[in-house]
Amino acid sequence: MRFRAKIVDVGCLNHFTRTINTIAKLTKTCTLRLTADKLYFILSDKVANGGVGMWCELSQGNFFDEFQMEGVAAEHNEIYLELTPENLSRALKTAQNAKAVKVKLTNKHCPCLTVAVELPSLSSSSRIVTHDIPVGVIPRKLWNDFKEPVVPDFQVSIYLPVLKTMKSIVERMKNLSNSIVIEANLNGDMNLKIETELVSVTTHFKDLGNPPWASENGSQSSTQDLESMAEVRIDIKKLLQFLAGQQANPTKALCNIVSKRIVHFILLHEDVSLQYFIPALA
């Protein structure tokens with residue numbers, strides 16, 4: 001089982017750092033799955049038990065100048081590691097002006113991801129800062145726990161408003177209620193609502209647009225009223241944590257709503273896709 005990779009391009013390094021910073025804001029621990037051509041950051045808290053889920057996918061060829069890995073076996077050419085993303089985020093903070101960053105799976109008293117940052121130097125010799133990040137190796141028998149989440153049939157799929165706008169609205173609503181209702185329809189309308197005994201507040205978004213597959217989804221009959229709202233009530237802190245974690249405005253941001261069950265967010269940013277699942281409150 002071996003893994004080593006290297007980033008030289010500054011743009012790729014900054015993009016990778018932003019992605020790791022986002023993941024660090026979304027979860028304290030996650031699973032890093034390494035394959036020959038992709039990296040996955042996975043959080044599989046059981047959504048059925050009220051936990052959030054995350055699936056972030058990166059194509060290694062779009063980030064790394066060198067990438068070599070050998071999995072646990074020839075027929076299972078993958079590696080699964082348990083990781084604290086905040087530790088990786090801290091290591092990459094030292095790499096802002098780096099000439100190169102190398103990441104390697106090592107064994108130093110315990111399995112580690114060793115991040116070696118080569119910094120510019122006035123002399124001919126390089127300065128190298130090394131970070132050893134402890135990781136746990138997840139055995140093959142547990143890999144099935146980290147499959148890509150199955151998206152249940154949704155009633156509505158809709159593009160999201162600008163995430164910064166959405167975040168500032170939800171931040172203000174958080175002071176009034178612990179839960180928030182997200183509702184949307186196939187006519188590009190979306191509402192954020194809070195209702196308490198004392199106050200009812202709704203923010204309306206119009207003309208957001210629906211993805212082309214929204215009307216083709218098998219769960220939707222062609223007779224579904226475009227105006228009818230699918231809604232889900234979720235924990236407002238979980239929504240805010242998701243919105244606060246975004247380091248850059250994505251190229252595409254949308255959500256799928258399964259009424260009274262789950263809201264499934266999808267963010268696409270260049271060569272990174274991030275899925276985030278927040279279950280409905282009982």
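The values are calculated or read from the model by the stated rules, or taken from the named source; none is laboratory data. This one's a predicted model, so the numbers in the text were calculated from it and none came from an experiment. Cβ sites come from the backbone with ideal geometry, for glycine too, and all protein chains shown count toward neighbours. These accessible areas exclude ligands, DNA and RNA; they are computed on the full protein's heavy atoms, side chains included. Shrake-Rupley method; radii C 1.70, N 1.55, O 1.52, S 1.80 Å.
Laid out as a table, the results:
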quantity	calculated
Stretch in the chain that is longest and holds no GluC sites (Glu not before Pro) that DSSP places in a loop and that have at most 10 other beta carbons within 10 Å	76-196
Summed side-chain charge close to Val232 - residues other than Val232 whose Cβ falls under 9 Å, Lys, Arg +1, Asp, Glu -1	+1
Qualifying trypsin sites (Lys or Arg not before Pro) in region 91-177, DSSP loop, other Cβ atoms within 10 Å at most 12	Lys147
Of Ile42, Ile169, Ile234, the one that fluctuates the most in a GNM where the chain has Cα springs shorter than 10 Å	Ile169
Carbon and sulfur %, accessible surface of region 7-111 computed with the full protein complex present, 1.4 Å	46 percent
Sparsely packed chymotrypsin sites (Phe, Trp or Tyr not before Pro) within region 123-192, loop by DSSP, other Cβ within 10 Å at most 15	none
Relative contact order (percent, whole number), the chain, Cα cutoff 8 Å, 6+ residue spacing	20 percent
Selection from Gln96, Thr35, Val72, by position along the positive dipole direction of region 26-107 (Cβ)	Gln96
Percent accessible area from carbon and sulfur atoms, region 113-215, protein chains only, probe 1.4 Å	52 percent
Solvent-accessible area per residue for the chain (1.4 angstrom probe, square angstrom)	50 Å²
Taking region 1-94 and dividing mean pair separation by its residue count, relative contact order in percent (alpha carbons under 8 Å, at least six apart)	40 percent
Total formal charge among the other residues, if their Cβ is under 12 angstrom from that of Lys104, Lys/Arg +1 and Asp/Glu -1	+3
